[in-house]
Amino acid sequence: MYDRHFNAFSNDRATIAITANILKFLPYFREKFRPFDYRLCDSVDECLEQASQGQVDGALVEDFFLLRINDIEDYPRLKNQTKISYRVPLCIGVYEGDKSALIVSMLNKTFSQLPFEFYSSLLDEWGMYTKAKTARSVKKFWILLGFALAAILVVIQTTVFSLLKAKKYKKKIETDPLTGLLSGEGFKSRANRLLELNPRIPFIMGEVNIRNFSLVNQVNTATYGDQMLKAVANELQKLEGKKSTSLLARTYADSFYVLQKSSPNVSDGVRHVHHLLQTVQASLSVKGMPAVIDGGCAFSASEKRLLEADSMMMQSSYARKSSSNGIYSNLALFDDQVHKQWELEQKIESSVKQAFADREFFVVYQPKVSLTDGKIKGAEALVRWKSKDYGIVRPDIFIPVFEKNGYVSKLDFYVYQCVFEYLDEQKKAGKPLVPI
């Protein structure tokens, strides 16, 4: 068969396209077979192009380019031969002609007779399809895989640590450290969630407060005050802690809040909060810490749009501070009457700065007349407010608001300034001065 292929091939001299790096193989071909012609091309693409167009009988290129010539759509008439005797880093491309089988047979037999030393050096030189390279590739793969797994593990550990830390931090900021109840932030978050999940259930918000707690701390000690706060928290937990629709919180100082499910009847809800206050107060007395417990409550009916927790807290707190108008001596409900007063105070607070700037406050003088001679011996300065938005605002309306928000001191000094200016005018006009 060897001679048959050789003789068949030798009658018609073939031409093979090669690149410069294939020239080193030609002595081995010529040693075993009759010399054949070759055409030296500048690039692999040129070799393949000439073979596909039939300008040469075949092309011999490096196997490194196998991926390129496997794209059969680029060279549809060109076949590749890879089943050679030894897996050398070469690829034989032949044109679909009469000499294709002869060329493949000749080249395969030549490769099978390449000296081992040459073949070994060829593999070392090109570093392709060798066991050494395979081992290095496998080692590199496992190293990269190890690094990837280590990186993934670090990311997972970091993420878990961050989540645990965030959860721990969230729990810390949502819990009151003294009593173990919810803090203000935690209470608002969970209360809003509870209201959202139960849109058809009426709720009542109650504020529980120890009357004159600052005085309790002054007369006793801060430790005694903390014990009293813990006692209030424990009692509230006994009464409300096990209910799924009830939340408890201590926001600051002695302010505790309770959000609980209520009946549609407002009076029932208020009575329940009042019972809560009485029970806490009685418990403190039994423990040797007598105190008066005040409270205020705000109601959210199911047929109305539910209020946000923050608004209900403000309303219950405002009702407690207005407890003189309450249903019980120590408990007030944020009803329509209190709501109107609250809205008026909100309007007053929002316009008071501009009122000072526009000098809407003015002073009137109530004279003090001597019954002996009928002469004016002095006067009392009285402040009045003529608002451009509300007209004359009575002192019994805006003075309590100023006492709550701290503007009363500013109002005092404003009146002083008005009186000083009046006395100065009287003095410059030569008029008599009297104590005011």
key: Solvent-accessible area per residue, Å², over region 328-436 with all protein chains present [probe radius 1.4 Å]   = 67
task = Provide the gained length on full extension for the span Leu433 to Leu40, in nm with one decimal, where the gain is 0.36 nm per separating residue minus the Cα-Cα distance.
result = 128.9 nm
message = Show me, for region 202-215, the HN-Hα J-couplings you get by feeding each phi into the Karplus relation (A = 6.51, B = -1.76, C = 1.60, θ = phi - 60°), rounded to Hz, glycine and proline as x.
response = x, 10, 10, 9, x, 9, 10, 9, 8, 5, 6, 5, 4, 5
request  = Mind listing the long-range amide H neighbours of Ser387? Cut-off is under 5 Å, sequence gap 5 or more, other chains count too, H placed in the peptide plane at 1.01 Å from N.
outcome  = Ile392, Val393
ask   = Quick one: if you stick a label point 7 Å off each Cα along the C-beta vector at Asp389 and Leu197, how many nm between them?
value = 4.0
Gyration tensor verdict on region 186-312 (Cα atoms; rounded if a/c is under 1.5, prolate if a/b is larger than b/c, oblate otherwise) = prolate
key: Cα-centre dipole for region 290-436 with unit charges at Cβ (Lys and Arg positive, Asp and Glu negative), debye to 20   = 600
inquiry  = At 7 Å along Cα-to-Cβ for each site, give me the label-to-label distance between Asn405 and Tyr224 in nm.
reply    = 3.7
ask   = In nm, to one decimal, how far is the Asp336 label point from the Leu23 one, both placed 7 Å along Cα→Cβ?
value = 11.0
Computed FRET value (nearest 0.05) for Asp396 with Lys172, which takes r as the C-beta separation and R₀ as 51 Å = 0.65
request  = For Leu163 and Val292, calculate 0.36 nm times their separation in residues minus their Cα-Cα distance, and state this gained length in nm to one decimal.
outcome  = 42.1 nm
inquiry  = If I stretch the segment between Glu343 and Asn212 completely, what's the gain in nm (0.36 nm per residue apart, minus their alpha carbon distance), one decimal?
reply    = 44.5 nm
ask   = Of all trypsin sites (Lys or Arg not before Pro) in region 215-271, which ones are in loop regions per DSSP and have a Cβ with at most 13 other Cβ atoms within 10 Å?
value = Lys242, Lys243
note = Given a 1.4 Å probe, the accessible area of region 137-288 per residue, as a whole number of Å², is 61
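The values are calculated or read from the model by the stated rules, or taken from the named source; none is laboratory data. Computed from a predicted structure; not experimentally measured. Glycine gets a Cβ as well: all are built from the backbone with ideal geometry, and neighbour counts include every protein chain shown. Heads up: the accessible areas ignore ligands, DNA and RNA and are worked out on the full protein's heavy atoms, side chains in. Shrake-Rupley method; radii C 1.70, N 1.55, O 1.52, S 1.80 Å.
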